[in-house]
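First the structure, in the form of structure tokens, and then the observations on it.
The values are calculated or read from the model by the stated rules, or taken from the named source; none is laboratory data. The structure displayed is predicted, hence computed values, not measured ones. Methodologically, a virtual Cβ is constructed for each residue, glycine included, from the backbone with ideal geometry; neighbour enumeration extends over all protein chains shown. Note: areas computed on protein heavy atoms with side chains; ligands, DNA, RNA excluded. Shrake-Rupley method; radii C 1.70, N 1.55, O 1.52, S 1.80 Å.
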Amino acid sequence: MLWATACLLALAASAPVVVMVDQPVTVAIAVPERVRHSEVVLLRLEGVVMRRNAPAMWNVFWEMPDAKVQTSVDDLHFVGYVASPANPALRDAKPANFILQLPAAAAAALHRQTTIRFTFVPVRKLPEGGVTITSIRLE
């Protein structure tokens, strides 16, 4: 019950950009002008809400909307992964934030793009209720 309340409070603050349950999800985000000229670009996932008493892991790919669990992490479009180990003492927890550095090829591609798509691929079954991400941005 507390977990559901925490999710509702987090969602009430801002509608989620991504809701992952058991299938890959692709979202397009705007590329800020200042990022288009950067050599190092960070992908910030903020307000990530999930149950903490079960493990969660997902891969992130750029400009690869057909990515799936079998897609190789050696692919040029692989950005990285997010993993949250199970902690039986933390059934419910405050929203978390994660940062991934885009690979050089992705950062270079941003020089000529105004939007970029990211695909979030669950690697294993996500905890009950899935995962929500409230904010995704580049810096």
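Using Cα atoms only, what is the angle between the long axis of helix 2-13 and the major principal axis of the chain, expressed in degrees (0 to 90) to the nearest 10? Approximately 40 degrees, to the nearest 10. Which value, in Å to one decimal place, does the Kirkwood hydrodynamic radius take for the chain when every pair of different Cα atoms is included? This gives a value of 15.4 Å. Cα centroid separation, the range 16-31 to the range 114-130: 6 Å. Ranking His77, Val48, Asn59 by Cα position along the charge dipole of the range 42-88, where only Lys, Arg, Asp and Glu carry charges on their C-beta atoms, puts Val48 farthest toward the positive end.
For the set Thr132, Thr26, the ranking by accessible area, highest first and with no ligand, DNA or RNA atoms included, is Thr26, Thr132 under a 1.4 Å probe. Using only alpha carbons, the range 59-138 has a radius of gyration to Kirkwood radius ratio (Rg to Rh) of 0.99. Over the range 91-139, the ratio between the Cα radius of gyration and 2.2 N^0.38 Å evaluates to 1.47. For the range 123-139, backbone phi angles converted through the Karplus equation (6.51, -1.76, 1.60; θ = phi - 60°) give residue-by-residue couplings of 8, 9, 4, 7, x, 3, x, x, 10, 10, 10, 7, 9, 10, 8, 10, 8 Hz, Gly and Pro being listed as x. Taking only the C-alpha atoms of the range 19-77, the Rg (one decimal) and the largest Cα-Cα distance, Dmax (whole number), read 13.9, 41 Å.
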